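The values are calculated or read from the model by the stated rules, or taken from the named source; none is laboratory data. What you see is a predicted model, and the numbers here were worked out from it, not measured in a lab. Please note: Cβ atoms are built from the backbone with ideal geometry, for glycine as well, and neighbour counts cover all protein chains shown. What goes into the accessible areas is simple: the full protein's heavy atoms, side chains included, and nothing from ligands, DNA or RNA. Shrake-Rupley method; radii C 1.70, N 1.55, O 1.52, S 1.80 Å.
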Amino acid sequence: MGTLRMGALTRRRVGMRAADLEYAVLDMETTGLEPREGARIVEIAVVRVRGDGKFVEEFSTLVDPRGPVGGREFHGIGEGDTVGAPTAAQVVPRLTELLSGAVVVGHNLDFEQRFLASELVPAGLPTGQAGLCTLRALRSQVELERYSLPKASHRLSGDWPTGQHTALGDARACAKLLAEMLANAPGELRYGGPAPKRLAVPDPVPGPGGAAGPVRWKPRTASVPGGLPPLSPWRARWRPHELDPLLCGGAFGATDRAIAEMAAHRDTRFRERLAAAAAVTGGLAATAAGGLLLRMAGGNTRDPGHPAGRGDGSPARLLGRIGRSAFGDRPGFTDRRA
């Protein structure tokens, strides 16, 4: 089983109402891009929100990577900043509390998943929670030139996110983007994926030297009173046919977009043909059944010797005869009133 079980947002009538769920929006700053090349987490943040945009809580802390801190030109964190910060293992119990019962969200969640799997799951983080990537969701639903978190936020709402390249700043921006997507959609968005589950919280991990007691968090960004800023109306062009989120990852260049759009067009035409065929089949079946019922009722009325001519032409009895006409003398089919 993967670290997260990924779902998607859709305008189709499947899954759960997205507005009814809670979301744990996750962001990390790391020493590099690839855990397999030695990159580690140096900052982590979670913003928990409801599907209606109501803020629940937020958390952030620097993390001691127990090694060199690379990537300072991107996140601005130096080796001295992580002194006294908790380790990844010490963050796991608090992180589990924040993810429990929520859909885990990230903008390009594939990136966070790699670090969850490399550092936090081995330290005790439970696996199998529901997941949602807002980058894939946005590409699937909305037509934009660029889909990065700051550029998409500015294009859609007119506001540049604050605190870029800090874990909490980016988590807040992603949470706002998600809430605005749900609020501005042309129709009800639903979450097609596994239901969020309650997670068992691991026991706390002792500090350096086996020291007991509560973990001392080291946030780099202060919490803002009132939670998220007000949601904005979007200046968005929603796709007439949503794309398959599985085709919306990676660089998503011109070729990737064209492939995804062609697949969506084929899928839409296929669904339309299925719906048309179902409508024709249903209409023919209803017409045939109705005609049979009328013929039997008419025939019974004209026959004074038939039980129906003696006042026993009830719908139940007529339907029983239709059943025998349809099923013949098959074993197991009987009209108990015959």
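Using the heavy atoms of the protein chains and a 1.4 angstrom probe, tell me the accessible area per residue for the stretch 144-225 in square angstrom.
54
If packing is taken as the mean number of other Cβ atoms within 10 Å per residue, what is the order of 272-280, 235-243, highest first?
235-243, 272-280
Given 0.36 nm per residue, what is the gain on full extension from SER148 to ASP110 after removing their alpha carbon distance, in nm?
Fully extending the segment from SER148 to ASP110 adds 12.3 nm.
Could you work out how far apart the two model spin labels at GLU57 and GLU37 are, taking each label as a point 7 Å from the Cα in the direction of the beta carbon, and quote it in nm?
With each label point 7 Å from Cα toward Cβ, the separation is 3.7 nm.
If you count only protein heavy atoms with a 1.4 Å probe, what accessible area per residue comes out for the stretch 22-122, rounded to a whole Å²?
That works out to 36 Å² per residue.
Assuming 0.36 nm per residue, please report the length gained on full extension of the stretch ARG198 to GLU272 beyond their Cα-Cα distance.
Value of the extension gain: 22.8 nm.
If you roll a 1.4 angstrom probe over the protein chains with everything in place, what fraction of the accessible area of the stretch 42-112 belongs to carbon and sulfur, to the nearest %?
47
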